[in-house]
Amino acid sequence: MKSVAFIIVGTLCLASGFLPSAPLHSRVLPSLSLRRISSNVPFCTSLKSATLPPPPSNVVKVSPSKSQHKSQDFVFGLSDDLVREKGRKTLVLEGDDLTTKPYQIILVWGTFLVQFLLSLSSISTISSSHPLLSLPLTLTTLLLTYILSDLGSGIFHWSVDNYGSGSTPILGNIIAAFQGHHTAPWTITERGFENNVHKLCYPFGIALPLLSYCLGLRGVGLLSLTAFCFFEVMSQEMHKWTHQAPKDTSGFINWLQKYNFVLSRRSHNKHHSMPFSGNYCIVNGWNNGWLDRSGFFRRLEKMVWEWKGVESNSWKLDGELKERTLRGEFRQEV
């Protein structure tokens with residue numbers, strides 16, 4: 001467990017803001033302020049989707065460095081001088097918008113094409129090596145990878161929710177998007193498919209599978225890695241479905257959610273309550289129960305604290321959670 005945990009925590013260095021901050025005027029994230037886009041989308045209650053009720057429509061200045069960071073208005077990952085209009089508004093980072101761009105379409109479908117071709121190559125290798133077992137071996141690999149990708153989505157989600165900011169190198173825009181999502185969770189429902197998932201094509205796109213292929217990875221190993229990356233990219237769309245009302249998604253998606261083949265609305269709704277400390281997995285949610293009951297993320301948070309002295313954002317929102325974790329009380333009720 002310790003060796004696995006240290007590997008995970010080491011990986012978090014990129015996503016946790018331990019590296020020097022990048023200039024805020026970078027091309028990807030020119031500003032950390034929020035801008036408003038009008039929205040006519042009706043509000044969906046939390047019983048129908050994982051969307052919190054909109055706050056009152058007045059203007060509040062929010063500063064993570066002050067006591068206000070324990071209110072529902074705390075916006076993770078953004079600047080200390082943030083003014084946002086509260087209410088049923090669509091909020092996006094400046095430099096970002098809800099319009100699907102041609103480069104996003106090319107990036108997403110180019111990623112899927114490469115992943116598809118690598119998967120076909122892997123299945124062909126499996127069929128040649130194990131002609132009688134190729135089908136069950138392929139299906140078993142995909143099922144286990146589907147479960148593992150849910151776990152991976154939870155670890156990634158936990159890391160970007162709790163560490164780093166919009167100025168973190170490499171993953172800053174992803175971190176700001178995930179953390180800002182807690183303030184305006186309905187915004188995700190107004191994104192088109194490619195606009196919604198394209199950011200995850202950077203960490204989970206074609207680079208790792210292609211590099212592994214070039215280094216000689218084939219068969220089950222390559223299929224598992226490629227499928228893992230595909231599911232991680234798609235996790236953001238599965239996440240979006242939980243914030244949409246049933247009438248806004250297809251009957252097939254509603255059926256998948258009903259029988260927990262993908263993340264359900266009711267399951268993800270548990271994550272959207274202060275201090276956003278559990279139910280991080282967003283592919284199918286199958287791993288959420290044991291992760292929270294075992295205190296998996298609290299243990300990692302304590303390790304990060306002892307290693308770097310960095311508090312998780314969940315700790316900042318809930319002082320009692322921090323105290324319990326430091327006392328070694330890791331279990332979280334689900």
(message) Of all residues being open to solvent by less than 30 Å² (accessible area, probe 1.4 Å) and polar (S, T, N, Q) in region 174-219, which is nearest to the chain's Cα centre (by Cα)? Just the residue, please.
(response) Gln179
(request) Kindly list the number of the only condition in (1) farther than 26 Å from Gly295 by Cβ; (2) touching a helix residue (DSSP H, G or I) at 6+ places or on another chain (Cβ under 6 Å) that fails for Leu120. (result) (2)
(message) Any residue at all in region 211-226 that's within 23 Å of Gly278 (Cβ to Cβ) and of a type outside the set (A, V, I, L, M, F, W, C)?
(response) no
(request) Quick one: in region 220-268, of everything that is assigned to a loop (DSSP other than H, G, I, E, B) and among the hydroxyl-bearing types (Ser, Thr, Tyr), which residue is most open to solvent (accessible area, probe 1.4 Å)? (result) Tyr259
(request) For region 143-159, enumerate the residues that are within 10 Å of the chain's Cα centre (by Cα) and surrounded by 24 or more Cβ atoms within 10 Å (Cβ to Cβ). (result) Ser153, Gly154, Phe156, Trp158, Ser159
(request) Can you give me the number of residues within region 203-225 that are aliphatic (A, V, I, L, M) and free of Cβ contacts under 8 Å to residues at least 60 places away in the same chain? (result) 6
(request) Within region 297-324, count every residue that is open to solvent by 10 Å² or more (accessible area, probe 1.4 Å) and part of a loop (DSSP other than H, G, I, E, B). (result) 4
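The values are calculated or read from the model by the stated rules, or taken from the named source; none is laboratory data. Note that this is a predicted model, so its numbers are computed, not measured. So basically every Cβ, Gly included, is an ideal-geometry build from the backbone, and we count neighbours across all protein chains shown. Each accessible area value is taken on the protein alone, full model and side chains, heavy atoms only, with ligands, DNA and RNA left out. Shrake-Rupley method; radii C 1.70, N 1.55, O 1.52, S 1.80 Å.
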